[in-house]
Amino acid sequence: MRLFSIALAFIFVSTSWLTGSARKQRNIERKQLFDNHWAFFLGDTLAASQPDFNDNSWRTLDLPHDWSIEGKLDRHNPMGGGGGFFPAGIGWYRKTFLVPSAWKGKCVSIYFEGVYMNSEVFINGKSLGVHPYGYTSFIEDLTPYLRYDQKNVLSVRVDNSQQMNSRWYSGSGIYRHVWMMVTNPVHVDWWGVGITTSEVTSKTATVRLKTRIKNESDASQVVVLSTQLYGENAKKTGENRQTIELQPNSQREIDQTITVQHPLRWTPETPHLYQAQVQVVQQNNVIDDTRAHFGIRSITFTAEKGFQLNGKTVKLNGGCAHHDNGCLGAAAYDRAEERRVELLKAAGFNAVRTSHNPPSEAFLNACDRLGMMVMDESFDCWEESKNTYDYARYFDEWWQRDIESMVLRDRNHPSVIIWSIGNEIPERKKPEAVETAKKLVGCIHAIDQTRPVTSAVCTWDKDWIVFDKLFAEHDLCGYNYAINYAPSDHERVPSRVIVQTESYPREAFNNWKMVQSHDYIVGDFVWTALDYLGESGIGRWYYSGETPGEHWEHDLFPWHGAYCGDIDLTGWRKPISHYRNMLYNSTEKLYMAVREPSLKPKEIKETMWSVWPTWESWTWPGYEGKPLQVEVYSSYPKVRLYLNNTLVGEQETTEAQQFKATFSVPYMPGLLKAVGVSDNQEVETAFLQTAGEPARIRLTADRTRILPNGQDLSFVTIEVTDKDGALQPNAENRFQFTVSGPGMIAGVGNADIKDPDPYTGTTRKAWHGRAQVVIKSTGKPGEIILTVKSDGLTTGTIHLESGK
């Protein structure tokens, strides 16, 4: 039996952040990460809930963990194409620990950020209940069942065996963090601090806090609720203290108002954050201490001015994103979640829709910190199902608890600007849907009235006006692939505020034009910002002779993911990403790529969510003398194209040309050069160079220094180059990976959604010259060396440092 000791969980607070009374007790018990040293078994054994069960033969691992990504892709796996043909099943997790006697008289809970799905939690053999939904966070009270100064066993049974239950890759297991929560009987409730800001100007802002305090003792208690606000560099910006009386076994919600002078307002460009430190003080001792980050900003949505952030109209250049992290599967490592937000920012997005479920806390924290606005979504279905075993089975019993979990957990994030209650609900044309929407919106408004509520509605016929009653229950109306209805809808319902919640990638220009031309359309969210696992084959193109049709019409294995993203599975931006960024932003003004040839008998066919396969490549052996289509995206009035310093042509690239030029160029190896022209002056240049034969391996890490905490990650890009260092975009070499030092391989991958190789292991093929390895620290400091070999190529190595 594994046995691990829990030390008291302390939050360490610097003296400058404390009131005078708080300095008398600077170490406050509250929260401890509980991710390490779990025993795991893939299979079902009901005896595992009992504390004396022998789990010595089980695998030891740290959370977060997704067992599906570790499995073999197989067309017969029960997840099917929707889940990416990954394995599912039932798994057990167990953790054995000592509870110190100092915890006697405390309130002890276990907090799960996310378990997919149907998780049943046991403490010392006692079942604490089942939590069906895999995407909402939940808390279980351990206090009555703990044994002090003795062995305690926490067991979790995770049942993802009933398939299909998702239209995309869900993953399986405890895929987000777990926390042990320890408080005194009088404490601020978990998610008990709600913060709103109003009357925001450059001079002042009003911060309102609602704090729910619980007294879980049998005696009345008199305490002081002390709240202090801090800005950047721990600068104190305001405080409020109230004396309150709590009856035995009761709770109270306390309102506090603090005025902040000269507030630094949160925007995507300047994501300033504040911190509220909320302390419960009794007899000059701090008996509870919790902190919440927030941002000072104002948001409004009107048909007349659209979406306004801090009084300025902002158009949402949004993308939809599922929750997986590519080769890591659903495992929500903090760094992986942060990196996704970095990728979105680098691609020019200012908003993301968390389709179709609440995201991880780490993801929202990164959105706050980096400046990414969020549409926080709850469900993919309500009472009617899309799959046999999906959330519709639990909706009636669980919807309120899951909505409250999402809103209470996420309400203080300044990045969250919109709540969404659903996506393409099957019963959306029925009167029952109107009543369901009314109660879901009402539930959210009871907690938070500062943000609008939407849901995503679509139709595949011409029956659109039927949704008027459903839209009337929303604050913001979400249109999936239906922005063409907006002008006539505005004439019929002038007060309606519209956001396109999903759009086809290839319609980027038309959607941008609609958003820019109409105040009542606040933005567009493309499907999707990032490629993802599952929904296999959406966004694919295919060649004549291959299986035709859309992704839902056929089993398309080995396709096991979606290729409709602006960003591929490894984080590389596709040409459509550069084009969309030019439409919405001024950070990128010139880009060039080449359309893959479609020559008989191998003609290319597109599907609904695809764009034509286009590559940053001027390496096309076998096409010498044949015409290739070169696309240039430009914010300049004109562009010129040169091949080997010979002018091919000049074209206009104004809005009338949708900021695009296409040149037909007979292929000849060499240097292809696109030039942006303004006032007849060549201003900016983009190059594509023909590459030679594969010769070398180049390794590039997104971070060469990672924390020695057993969680931090470095994403390493592996590229095949010629002898001169030019990327060889046609290389498909197989790599072999070895790691030495305090690091391990957390995942391997490439951007080829058709490659059935495992996402764990020590080997992977290149696709279009690239592959990826993710290195995780093992918890110790030191040098990590990744070595990559491939037959016929010079070996590549990279040195990483694990250290603080």
If the limit is 25 Å between Cα atoms, which of 574/605; 203/312; 513/605; 235/780; 31/104; 345/589 go over it?
-> 513/605; 235/780
Compute the length gained on full extension between residue 754 and residue 308: take 0.36 nm times their separation in residues and subtract their Cα-Cα distance, giving the result in nm to one decimal.
-> 156.3 nm
For the range 242-249, Karplus couplings with θ = phi - 60° (6.51, -1.76, 1.60), whole Hz, Gly/Pro x | 9, 8, 9, 10, 10, 6, x, 6
Of the peptides 457-469, 365-377, how do they stack up when ordered by the mean number of other Cβ atoms within 10 Å, highest first?
-> 365-377, 457-469
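Calculated FRET efficiency, residue 546 and residue 734, Cβ-Cβ r, R0 22 Å, to nearest 0.05? Before the final figure, lay out each step's value.
Details: r = 24 Å, r/R0 = 1.10.
Working from the Cβ atoms, E equals 0.35.
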Efficiency of FRET between residue 432 and residue 300 - r from beta-carbon atoms, R0 45 angstrom, step 0.05 = 0.90
Considering the alpha-carbon set of the chain alone, what are its Rg and its Dmax in angstrom?
-> 27.5, 89
Label-point separation (nm) for residue 275 and residue 587, each offset 7 Å from Cα along Cα-to-Cβ?
-> 2.7 nm
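What FRET efficiency do you get for residue 596 and residue 684 if R0 is 35 Å and r is their Cβ-Cβ distance, rounded to the nearest 0.05?
So, using R0 = 35 Å, E works out to roughly 0.85.
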What the 10 Å binned alpha carbon P(r) of the range 184-313 shows, as percent of pairs per bin from 0, is 12, 39, 27, 15, 6, 0
Subtract the Cα-Cα distance of residue 98 and residue 780 from 0.36 nm times their separation in residues, and report this length gain in nm to one decimal.
-> 243.1 nm
How compact and how long is the range 550-685, expressed as Rg and Dmax of its alpha-carbon atoms in Å?
-> 16.4, 54
Just read off the accessible area of residue 322 with the full protein assembly in place, 1.4 Å probe, to the nearest 10 Å².
-> 10 Å²
Which value does Rg/Rh take for the range 423-511 over its C-alpha atoms, Rh per Kirkwood?
-> 0.97
For the range 299-420, what class follows from the C-alpha gyration tensor (a ≥ b ≥ c being the square roots of its eigenvalues): rounded when a/c is under 1.5, otherwise prolate if a/b is larger than b/c, else oblate?
-> oblate
Here the residues of the range 261-278 lying in the modelled label zone of residue 201, meaning backbone nitrogen under 16 Å from a point 7 Å along Cα-to-Cβ, are 261-265
Gain on full stretching of the segment that runs from residue 450 to residue 47 - 0.36 nm per residue minus C-alpha separation = 140.3 nm
So what's the angle, to the nearest 10 degrees on a 0 to 90 scale, between helix 334-346 and the longest Cα principal axis of the chain?
-> 40 degrees
Rg/Rg_globular for the range 36-163, with Rg_globular taken as 2.2 N^0.38 Å and Rg from C-alpha atoms | 1.13
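The values are calculated or read from the model by the stated rules, or taken from the named source; none is laboratory data. Note that this is a predicted model, so its numbers are computed, not measured. For neighbour counting, all protein chains shown are included, and Cβ atoms are generated from backbone atoms with ideal geometry for every residue, glycine included. Surface areas here come from the heavy atoms of the whole protein model, side chains and all, with no ligands, DNA or RNA. Shrake-Rupley method; radii C 1.70, N 1.55, O 1.52, S 1.80 Å.
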